[in-house]
1. Being part of a strand (DSSP E or B) and either over 30 Å from Phe257 (Cβ atoms) or of a type in the set (Gly, Ala, Ser) (or both) narrows it down to one of Glu163, Glu153, so name that one.
2. Mind checking which residues of region 162-177 are without any contact (Cβ under 8 Å) to a residue 40 or more places away in the chain and either at positive phi or among the small types (Gly, Ala, Ser) (or both)?
3. Test Asp266 against the criterion of being surrounded by 14 or more Cβ atoms within 10 Å (Cβ to Cβ), among the charged types (D, E, K, R) and within 16 Å of Pro200 (Cα to Cα), and give yes or no.
4. Taking the conditions exactly as written (outside the structural domain of Arg303 (by TED's automatic domain parsing), surrounded by 17 or more Cβ atoms within 10 Å (Cβ to Cβ) and either not in a helix (DSSP H, G or I) or not hydroxyl-bearing (Ser, Thr, Tyr) (or both)), does Gly236 satisfy them or not?
5. Could you figure out which of (1) under 19 Å from Arg358 (Cβ atoms); (2) among the charged types (D, E, K, R); (3) surrounded by 13 or more Cβ atoms within 10 Å (Cβ to Cβ) isn't true of Arg303?
6. Can you tell me which residue within region 153-202, out of those that are under 15 Å from Cys228 (Cβ atoms) and among the polar types (S, T, N, Q), is surrounded by the fewest Cβ atoms within 10 Å (Cβ to Cβ)?
7. If Tyr275 meets every condition in (1) outside the structural domain of Ala132 (by TED's automatic domain parsing); (2) crowded, with 18+ Cβ neighbours inside 10 Å apart from one, which number is that one?
Amino acid sequence: MSIPPPPQQPYGAQGPAGPQGPYPPPGPYAPYPYHPYGPYGRPAPVNGVAIAALVLGILCFLPAVGLVLGLVALAQIRKKGERGRGMAIAGSVLSSVGLALWTVSLATGFASDVWDGLKGAATGEGTAYALAEGDCFDTPSGSLVGVAYDVTEVPCSGRHHGEVFAVIELPGGRFPGEDSVTETAEDKCYTLEAEYAMDPWAVPDDVEVYYLMPSGDTWRLGDREITCLFGSSEDGAALTGSLRSDESTLDADQVAFLKAMNTVDDVLYEEPLEYPDLSDNRDWAKDVEAVHAEQIEALESHRFGADADEAVADLVADMKDARAAWAKAAKADDLDAWFAHYDTAYEYVDGPTTVTARKALGLATTVPSYEDEYDGGEEVPGGGELDV
């Protein structure tokens, strides 16, 4: 049989094993001599926090964080005997300079350019700042009220929490305040809604208008956008399919019909509802009579296809009768007479001839519910807001 070789003596070992065990360390030559770099002369590890501080300092990204990390790294290095003191100091110094420059940039407006760069980098990265007209998305919470940053862009053909229909660029200057931005959002978003979804009958009753607004903090960084979007008024509910119905998705006959009917509706919505006053009501009836005259002419001048021509002509005939009733209402001597003409004029609105014309044109034929728009004669604004 073979005899194993004797064990190799450690560095500096002399003679056989003694009472203390094999090969005791003789004198100053220990087998694992103490050294600040560890056994076998290996260097001590570099402090990871110091590396992070240096990286943040060089990139000038989150300078306040880089400064804190640099100080933490110095404390850890002293305690653990790790390397990286120079990197920690350099990171702290660079972060301090970056923090000073960042403070100056906020006062000079340079941060606006930085913010534009960040938003450009965010495009396609699932942030609220990357949303554009026609995009559909989900929010982590499923809610469209509160504060949002991260969103997940999804196809509009499937289920989604929101659909962007407009992006509004606000002017520069000082932050006008949340109330002012909200007022602008409500005014412009509800106006632009009709440009994106020209067919209001195709918008489900539970759909409301929401908007993403800049906050005071993001305004200082150059955020000037209000994002208008559709979402469900029911918590946790989702939309399915795009609500877009404009000239990019409709044919010429559908566009001509909807432009005429929506123009009439816009004036009808201006009805004075509070404290009926004969003078105000007569003035409004005069406006409604005038818009009927204009849109009757617009519909008669457009050449609809053979399938829709007769149906639209029947609707126009009803509109002419309504125009005559509005003209009488504009000259009524008292409120009772005014309301009598008003009822006659309103008979055709959303009636059988309107539904028949819509069906012939391939448009939605379900009359929308207006219960959510009016409550006791006063308009009830829907929707809500997301701060970004």
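1. Glu153
2. Scanning region 162-177 gives Gly173, Gly177.
3. no
4. The answer is no for Gly236.
5. With respect to (1) under 19 Å from Arg358 (Cβ atoms); (2) among the charged types (D, E, K, R); (3) surrounded by 13 or more Cβ atoms within 10 Å (Cβ to Cβ), Arg303 is out only on (3).
6. Per the criteria, the residue is Thr191.
7. Tallying (1) outside the structural domain of Ala132 (by TED's automatic domain parsing); (2) crowded, with 18+ Cβ neighbours inside 10 Å, Tyr275 fails exactly one: (2).
Here's the yes/no breakdown for (1) modelled with pLDDT under 90; (2) out of contact with any Asp or Glu (no Cβ under 9 Å at 6 or more places or on another chain); (3) assigned to a helix (DSSP H, G or I):
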{"position": "Val93", "(1), (2), (3)": "yes, yes, yes"}
{"position": "Leu99", "(1), (2), (3)": "yes, yes, yes"}
{"position": "Trp102", "(1), (2), (3)": "yes, yes, yes"}
{"position": "Trp115", "(1), (2), (3)": "yes, no, yes"}
{"position": "Pro140", "(1), (2), (3)": "yes, no, no"}
{"position": "Arg174", "(1), (2), (3)": "no, yes, no"}
{"position": "Asp179", "(1), (2), (3)": "no, yes, yes"}
{"position": "Ala185", "(1), (2), (3)": "no, no, yes"}
{"position": "Thr191", "(1), (2), (3)": "yes, yes, yes"}
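The values are calculated or read from the model by the stated rules, or taken from the named source; none is laboratory data. Small disclaimer: the values here were computed from a predicted structure and weren't measured. When we count neighbours, we look across all protein chains shown, and the Cβ atoms used for this are built from the backbone with ideal geometry, even at glycine.
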